[in-house]
Amino acid sequence: MKLMKTAAVLAAAILAFQYLPEMLNNRQVNAETENDSEIVDALVTGYEGDADDPETFKVITSSQPTSQAVSSAANLVHNSKFDNCMKLDCIDISVYQGNIDWNAVAASGVHYAILRVGYRGYDAGRISGDRNFLKNIQGATNAGIKVGAYFFTQAITVQEAIEEAKYCIECVKGYPVSMPIYIDIERTEGSGVNGRLNRANLSIKQRTDIAEAFCKTIQEAGYEGGIYSSKSYFLDYLDPDYLSTKYKIWLAHYTSQTSYKGDYQLWQYSSTGRVSGISGNVDMNILYSQKVNFAQDAVTIEEPDTPVKPEFSGDGTITFESADPSVATVDAEGNISGVSSGTTVITAFSDNGSRDTITVNVDFPPAALLNYSGMVFQQLGASEAVTQANVTLSSSDANVVSIAGDGTATAVGCGTAIITAEDSAGNVETCNVVVSDGELTPGDCNADGIVNAIDAVYILNFSAESAVTPEKRQFADSYISLYDFNADGAVDAVDASDVLTYSAYAGVGYYTN
């Protein structure tokens, strides 16, 4: 009995193929109501089809006959909600497309493909794999084409849908699947065949539960889940408003301007497309991919070591690039860090072909070029690393302080000198250095062995500079002790006055024995 049934189904498939042109020519379609109309897909030459494959008798409801279906994306009218989207060519593939030259497909400009993983038989209900799936996913990914997958369901229970999803997950494991994995749910009938999903007479909720169970299982495994169906099936047999809030929607509607009002991200507009590398017809789709876009036109960074992440949106893999890394850098997540004052542009690139820019203004004082603004050497031959930055160093008096190539300053003679540091951006900082071969007397700011009016001038200059740029004045304690003559913790005019008084008394011998 089983053999007789299988033979009958095969005979029906052969008859469908033999009389397909006549069937298509005689088919009548109501463009207003778009009620279910049967379109039996032609089998590719050289492939006889599996007896229980529901795609052999696939039904797609359209507003126009297959012979008039749109075959060129140039003729499409897109919904205004996709104005900020890239419109990308995408094909969907099964064993019916035969052997494919994927390099030729990629060279033609098609960089997205959804591959059939398998199907559940429309009669017996067994899961079968698409004969060419492994060959297709390997060929497509090797050619640099981004892939998704779909499974032609005939599930009539939630448990069967979960089983189909797990089958897909096992099949795609190890491959770079970056697009969703869809459940293909639609009517399957033709040439006397009525699929098991049709015969089950499920409610809208039951069919919606089946679609959701599949997608939920897919997403729990780390992939995106989606639902494929025709416009009429979405509207008459599913709850697309609910499903679209959680999962991707792939709409089949063969027309140049779909009237479908619901959400969708992928639109199958023709089954009669032609693509280099594929013999015969192929389903054509438009993938709507949001362009990358910064929410702001510009951003200002005022604090060093405080990355800023501007808000941005966009689909696909997004990378970032700074036009001038010496001003600001950007990491793989879009975090922008200021390096030095100036202006640069950060560009975000999506692999869907879109890009956007944001102007970055960096406005903060340069990082400290020198470790100290003032320091004291109390022993000849003493040395100190005076910087951690990549700068050019010089000494105003190499007979007092010498500078080595590694940024080390060495005391070589008694007296005072100024070390100057300059970076590639022209930022300059200085450090006042006092060198003595022994203990220094407080107030002897120039280390000449005498506390006099010259030292008072040093103290006044020190006080003025510290008041103007306190954030830069980092002095060694021993250096400050020379200027803080009265040891009150502040270097100010009082210290200068005390030094002058001390000098005057010393000049008349007040401090001599």
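The values are calculated or read from the model by the stated rules, or taken from the named source; none is laboratory data. Nothing here was measured: the structure is a model prediction, and the numbers come from that model. With ideal geometry, Cβ positions are generated from the backbone for all residues, glycine too; neighbour counts draw on all protein chains shown. We work out accessible area using only protein heavy atoms, side chains counted, and drop any ligands, DNA or RNA first. Shrake-Rupley method; radii C 1.70, N 1.55, O 1.52, S 1.80 Å.
Computed quantities for the displayed model
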{"quantity": "Test for E422: is it among the charged types (D, E, K, R) and open to solvent by less than 30 Å² (accessible area, probe 1.4 Å)", "calculated": "no"}
{"quantity": "Some residue of segment 243-266 being of a type in the set (V, I, T), open to solvent by 50 Å² or more (accessible area, probe 1.4 Å) and closer than 30 Å to I210 by Cα", "calculated": "yes"}
{"quantity": "Some residue of segment 337-351 being open to solvent by less than 20 Å² (accessible area, probe 1.4 Å), of a type in the set (A, V, I, L, M, F, W, C), on the phi < 0 side of the Ramachandran plot and at pLDDT below 95", "calculated": "no"}
{"quantity": "Of all residues making up segment 392-419, the number that are of a type in the set (V, I, T), in a loop (DSSP other than H, G, I, E, B) and either free of Cβ contacts under 8 Å to residues at least 12 places away in the same chain or open to solvent by less than 30 Å² (accessible area, probe 1.4 Å) (or both)", "calculated": "1"}
{"quantity": "When residues of segment 308-336 are limited to those that are assigned to a loop (DSSP other than H, G, I, E, B) and open to solvent by less than 50 Å² (accessible area, probe 1.4 Å), the one nearest to D297 (Cα to Cα)", "calculated": "P310"}
{"quantity": "Boolean, D437 is out of contact with any Pro (no Cβ under 6 Å at 6 or more places or on another chain), more than 30 Å from E303 (Cβ to Cβ), buried (at least 18 other Cβ atoms within 10 Å of the Cβ) and modelled with pLDDT under 90", "calculated": "no"}
{"quantity": "The listed residue being closer than 28 Å to I114 by Cα and among the aliphatic types (A, V, I, L, M), out of I336, I278, I301, I346", "calculated": "I278"}
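Every residue, every condition in (1) out of contact with any Lys or Arg (no Cβ under 8 Å at 6 or more places or on another chain); (2) acidic (D, E); (3) more than 30 Å from I459 (Cβ to Cβ), yes or no:
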{"residue": "S341", "(1), (2), (3)": "yes, no, yes"}
{"residue": "A382", "(1), (2), (3)": "yes, no, no"}
{"residue": "S394", "(1), (2), (3)": "yes, no, no"}
{"residue": "D397", "(1), (2), (3)": "yes, yes, no"}
{"residue": "I403", "(1), (2), (3)": "yes, no, no"}
{"residue": "T408", "(1), (2), (3)": "yes, no, no"}
{"residue": "T430", "(1), (2), (3)": "yes, no, no"}
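Conditions (1) within 26 Å of D315 (Cα to Cα); (2) open to solvent by 60 Å² or more (accessible area, probe 1.4 Å); (3) touching a Lys or Arg at 6+ places or on another chain (Cβ under 9 Å), marked per residue:
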position	(1), (2), (3)
V158	no, yes, no
K173	yes, yes, no
M179	yes, no, yes
R199	no, yes, no
G226	yes, no, yes
S230	yes, no, yes
